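Presented below is the structure to which this report refers.
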Amino acid sequence: MHVLLAAILILVPQAAHDGPPKEVGPFRAAELVELTTLDPTIKLDIRYATPNNLAGRAVYREGRAFMQRPAAEALVRAHRALGAEGYGLLVFDGYRPWSVTKLFWDVTPPDKREFVADPAIGSKHNRGCAVDLTLYDLRTGREVAMPSAYDEMSPRASPDFAGGDRVAREQRDRLRRAMEREGYAVEPNEWWHFNYKDWKEYPILNIAFSDIR
């Protein structure tokens, strides 16, 4: 049993009798790569390795971010293009084991579950083809202001939210343009969540970070 999976089962005993949904392939072979090995100037703020997240406790043992290689390489291209505008990418999460998706579903109130993936279907994060991220200012190294906080379950999280601060909306839209140029699509209710175009070609995974080779 993977170390991370064991930890999640301790936190959520009912998940012990569940497992990822059964899928019919064929799928591409998984090739999860660590984002910072492709470009160390991509910043990380892996909230799920800390208590500062929607679960209120760490659900990752390591603050690392992985994606399928084509998605990761596209992300690096977006990061480098943004550099010409004075910005870089700050990643909150990439590949997410299915067990963590199940945990998030279990701890989220039913009226807020539009903001989390149904484990019966699985998440694009589970396939290594989704990423949660924002921008940081190359000059200061600081995260830029956006219309909402990361993982905020409110209308402000929508990529089309028209209220709030104009500069924050412009930064949100800057991020979206850069990601869309590289084959990503924004999640309809989360400005920070982007899905890579080939996500259907990869299986749902439940591999601990420590077991990724």
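What follows is calculated from the coordinates using simple rules that are stated; it is not laboratory data. Just so we're clear, the structure is a prediction, and the values are computed from it rather than from any experiment. No Cβ is skipped: glycine too gets one built from the backbone with ideal geometry, and neighbour counts run over all protein chains shown.
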**Request:** Sum up the charges of everything whose Cβ sits under 12 Å from the Cβ of Arg213, counting Lys and Arg as +1 and Asp and Glu as -1, but leave Arg213 out.
**Result:** -3
**Item:** Where labels lie 7 Å past Cα in the beta-carbon direction, separation of Leu38 and Glu62 in nm
**Value:** 1.8 nm
**Item:** Bins of 10 Å, starting at 0 and running to the largest distance - Cα pair percent for the chain
**Value:** 8, 35, 38, 16, 2
**Item:** Selected from Ile46, Ile121, Ala71, residue furthest toward positive end of dipole (the chain; charges at beta carbon)
**Value:** Ala71
**Complete:** Computed over the range 78-213, the relative contact order (Cα-Cα under 8 Å, seq sep at least six) in percent reads 28 percent
**Request:** Please say if the range 50-168 is rounded, prolate or oblate, where rounded means a/c under 1.5 for a ≥ b ≥ c the square roots of the C-alpha gyration tensor eigenvalues, and otherwise the choice is prolate for a/b larger than b/c and oblate otherwise?
**Result:** oblate
**Message:** Between helix 69-83 and the chain, what is the angle of the helix's C-alpha long axis to the longest principal axis, kept within 0 to 90° and rounded to the nearest 10?
**Reply:** 20 degrees
**Cross-link reach list, lysines versus Lys102, counting only Cα pairs under 19 Å and skipping chain neighbours closer than eight places** = Lys22, Lys112, Lys124
**Message:** Let me make sure I get this right: for the range 18-65, a, b and c are the square roots of the gyration tensor eigenvalues over alpha carbons, sorted descending. Under 1.5 in a/c it's rounded, otherwise prolate if a/b > b/c, else oblate. Which is it?
**Reply:** oblate
**Request:** Note down the relative contact order for the range 146-213 as a percent, whole number, built from C-alpha pairs under 8 angstrom at least six residues apart.
**Result:** 26 percent
**Fill in**
With a ≥ b ≥ c from the Cα gyration tensor eigenvalues, square-rooted, and the rule rounded for a/c under 1.5, otherwise prolate when a/b > b/c and oblate otherwise, the range 123-213 is prolate
**Complete:** Expressed in angstrom and rounded, the centroid-to-centroid distance over alpha carbons for the range 137-158 and the range 19-38 is 28 Å
**Dipole-positive endmost among His193, Leu138, Ala168 within the chain (Cβ charges, Cα centre)** = Leu138
**Message:** Using only DSSP helix segments of four residues or longer, with each worth -39500 (n - 2.57), what per-residue ellipticity at 222 nm results for the chain after dividing by its residue count and rounding to 500?
**Reply:** -7500 deg cm²/dmol
**Item:** Pairwise label distance in nanometres, Asn189 with Leu138, each label 7 Å out on the Cα-Cβ vector
**Value:** 3.6 nm
